Amino acid sequence: RGHATMAPSSAFATILTRSFLLLATKEAILSTSASASPSLGAPTAFATTAFQRRLSSRALSSPLRRRGGGPASIRRPGSVSSRHRAGVNGSLSSFSSSSSNDDDYGEEPRTGWLHNTKPKHSSASDTERNNPARMRLAIEKMRDYRRHRIADPPSLHPCGDDRRMMVTEHRIRVPLNHSDFGEGAARGSGGGIVPVDGIADKFYNGDVDLVQSPTVDVYFTIIELVSSSQDEAFFELLSDPTLSPRQRAERYLRGHSSEDSRESTSLSSSIASAVDPSRTIIYLQGGPGFGCATPVTGLSLASSTSSWAAQALLGGITNSEGKSFQRVLLMDQRGTGRSSPITKQTLRRLFPDLFLLDDEDEAGVTGSGGGAIGDIDLDSNTQSFRKNESPAMQLNRAKVSKALEEATEYLSKFRADAIVRDAEWIREALVSPAGMSDPDVVLGPSPPRPWGAALGQSFGGFCIMTYLSSIRHPPKICLLTGGIAPMNTPVREVYDRLWLRVRERSRRYYEQYPGDIERVKNIIRFLEDPPSKASVTLPSGGFLTARRFLQLGLGLGGTSGASFVNLHSIISSAFLDDDSDSETAALSKAFLKRIDAEQSFDDAPLYFLLHESIYADGPSAGAMNWAAHSSLEAYLQSNPEFDYRITSSADSKDPILFSGEMVFPYMAHGDFADISGNGMRLLSESLASKDDWLPLFDESNMRSALLGGKTKAAAAVYYEDMYVDFDCCMKLVQRGMPLEGVKVWVTNEYQHSGLRDDGASIFKKIMAMAKGAINVPS
């Protein structure tokens, strides 16, 4: 190809050599992918030796130059394209896909006709992209890399009027560190984020870094309407118990291949060659740190009015082209639910050295923890070497320090910028013809096929803003509910505002349950000075301190009325009897179990570890430094109403204020068992002090997407939202601001949980707003 000036013997040698390289590469891919362990999304790689990597890079690189050409361009560490790799200083020792001895980036330029290739990562030419053999190899490689699986046969659920929903559970593998993070996610020459075009291009261009990078699993469910005999037959095909997870996923993508089914509008035909993303709604969950709702139990499908998802599929909702939506996709964001979940248990497996000193009594972990929330003295210098320590202890400290650096870098890959790229991997996996054997299938770049719609609740709305900022072809319709991120507002100011909103919700709670003013004071006094003088231990192993008890206020911004009733039922069950002041007073076991059930930080530590980082929009934002905690400390100095040590006294007339959606450093000091200990404490401190976050939002790109016709958008903004400040939201939707193109519906009829409480109505309204079907705003 393109070597007319090469001697016949050289050309023949080139053909033989290139054939050998292609075969060897495919064998290396198949052998290593078969042996790779997908457990916990542990980092894996296809090429595990320098020899295999070089085979891969040369087999998929540009055509060989003719003899005598100039030396290949060698990319070296530190160059623009090699920054922001998965590892710290180039690799992560605990989960690197290759050792430094195998790394070939530092080699001298190679000479000789075999080595005179174009740069490994140069873009493929149109001739190469249209070469069927090369493109098919790239597609096979992409398919093996993704490892799209459907582990179990689909399930059917009734939804009224003789209709049923089919639910399939999918899993794919994605890069831990998306390869454009050094380019697309970083600020470009003009200061903005460079939007990402297509994920698959990295494979077409033979990106060796991508193939070798550590990976995580992303789990998602798809809900589809079964409404015809063809759909029933399709369900039966997927239900074959002899299918492997990979085979079932391939069958899902292939569907029915007959012309009749391709022309039909039924579920089975719509995915005959690929899923149509324009008729799919992707849901982005709130959090961060929690998995998506489970269909039927967490998201009702009983009728068109039972949930937003049922309304989308049964309520006649159409996309921007006037076609009905056929499926809803629910994604467990990376690190949550079943998507390579991050817990203390999995962190121990990934970074065992981080927890070497957990048995040392140096973290100051106790269960008493009295005083105001701002009263904790943190010793964050436990990595430093200390005098008179044994060599073994010094070695352990060095290992902890190294593991801490690696774990911090690892968790920095679990934010919104990675989540939206994972969503694009899912979209391309469902759209791609990977695995098709039809020789007439056209391979290579295709026109943009974005999602038909995206719905983002709370933090999911923040993710949609990142989608608009960093993906060149975002969803055609973007809907946000309680999810406009307060970009351009310093994080400290964000929490200064939110503390005042929490105070207002606390006051309203006591207005509805005035008897709880004294009950809460009795509980706080008991926890501050228990009759037994011993810490109150919860069934989970954590300690119930006064400060942890007040974190129950996190739920006060939920369902109107119901959230207050729920908190009251917990408080009223606290003591075994009404005489809470006696020396025999005791907390009931039922009360302690309810505390554990209400506070799920142990099961979802990403919420604790990364919560404040959702506001870290690039290096200019600086370190978060426990912004909610420092904001409270300032209020403690200026307003005694916020200090429970003062308001819990018998002569105080002020009620005790709860806390809200905030995280605090003391949570890793014993209050919560599975986010405590030396390793977790150090990790939380390291993330809090991290000041080099990648950017999340880009004003210019958002305005371009919203006003340039790429996407339509609408948002439900809750006037009394306790979690997202109303004024910060409204600043961004004014003329000239980043979200000028978003149509806004402001309401105080719902709290932050409106989508859960009345999802069908809210979804229908804002979808109509986005498409211009109703005049809101008026």
Quiz prompt | Residue among Asp674, Asp602 that alone is in contact with a Ser or Thr (Cβ under 9 Å, 6 or more places away or on another chain), open to solvent by less than 30 Å² (accessible area, probe 1.4 Å) and not hydrophobic (A, V, I, L, M, F, W, C) | solution = Asp602
Quiz prompt | Those residues of region 621-671 which are in contact with a Ser or Thr (Cβ under 7 Å, 6 or more places away or on another chain), over 27 Å from Pro514 (Cα atoms) and open to solvent by 30 Å² or more (accessible area, probe 1.4 Å), in sequence order | solution = Asn625
Practice problem: Answer yes if at least one residue in region 172-188 is under 25 Å from the mean Cα position of the chain (by Cα), open to solvent by 40 Å² or more (accessible area, probe 1.4 Å), closer than 30 Å to Ser228 by Cβ and modelled with pLDDT of 60 or more, and no otherwise. | Solution: no
Exercise. Tell me, please, whether a residue that is within 30 Å of Pro447 (Cα to Cα), open to solvent by 40 Å² or more (accessible area, probe 1.4 Å), in a loop (DSSP other than H, G, I, E, B) and not polar (S, T, N, Q) can be found in region 475-486.
Key: yes
Practice problem: Find all pairs meeting these conditions: Cβ atoms under 6 angstrom apart; at least six residues apart or on different chains; first residue within region 724-741 and farther than 15 Å from Val502 by Cβ; second residue open to solvent by less than 50 Å² (accessible area, probe 1.4 Å) and outside any loop (DSSP other than H, G, I, E, B). | Solution: Cys729/Val717; Val733/Val742; Val733/Val744; Pro738/Met702; Pro738/Leu732; Leu739/Leu732; Gly741/Leu706
Self-check item: Conditions (1) open to solvent by less than 10 Å² (accessible area, probe 1.4 Å); (2) touching a residue at least 24 places away in the same chain (Cβ under 8 Å): number failed by Leu552
Solution: (1)
Quiz item: Based on what the data block shows, is Gly670 within 22 Å of Thr537 (Cβ to Cβ) and touching a strand residue (DSSP E or B) at 6+ places or on another chain (Cβ under 8 Å)?
Solution: yes
Quiz item: Hey, any hits in region 719-726 for a residue that's open to solvent by less than 40 Å² (accessible area, probe 1.4 Å) and touching a strand residue (DSSP E or B) at 6+ places or on another chain (Cβ under 6 Å)?
Solution: no
Quiz item: Would you call Ser704 open to solvent by 10 Å² or more (accessible area, probe 1.4 Å), farther than 17 Å from Gln551 by Cα and part of a helix (DSSP H, G or I)?
Solution: yes
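Among the residues in region 748-759, are any in contact with a Lys or Arg (Cβ under 7 Å, 6 or more places away or on another chain) and open to solvent by 30 Å² or more (accessible area, probe 1.4 Å)?
No, that holds for no residue.
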Quiz item: If you take the residues in region 214-241 that are acidic (Asp, Glu) and farther than 28 Å from Gln285 by Cβ, which one is surrounded by the most Cβ atoms within 10 Å (Cβ to Cβ)?
Solution: Glu232
Quiz item: Does region 162-171 hold any residues that are closer than 12 Å to Ser339 by Cα and open to solvent by less than 10 Å² (accessible area, probe 1.4 Å), and which are they?
Solution: His170
Practice problem: Find the helices (runs of 4 or more DSSP H) located wholly in region 226-309 whose residues include 3 or more that are modelled with pLDDT of 90 or more and farther than 21 Å from Pro158 by Cβ, and list them. | Solution: 245-254
Quiz prompt | Pairs where the first residue, in region 143-160, is on the phi > 0 side of the Ramachandran plot and the second is open to solvent by 40 Å² or more (accessible area, probe 1.4 Å) and assigned to a strand (DSSP E or B), C-beta under 9 Å, 6+ apart | solution = Arg147/Arg171
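The values are calculated or read from the model by the stated rules, or taken from the named source; none is laboratory data. Keep in mind that what you see is a predicted model, and the values were worked out from it rather than measured. Cβ coordinates were reconstructed from backbone atoms using ideal geometry, including for glycine residues, and neighbour counts include every protein chain displayed. For accessibility, only protein heavy atoms count, side chains too; no ligands or nucleic acids. Shrake-Rupley method; radii C 1.70, N 1.55, O 1.52, S 1.80 Å.
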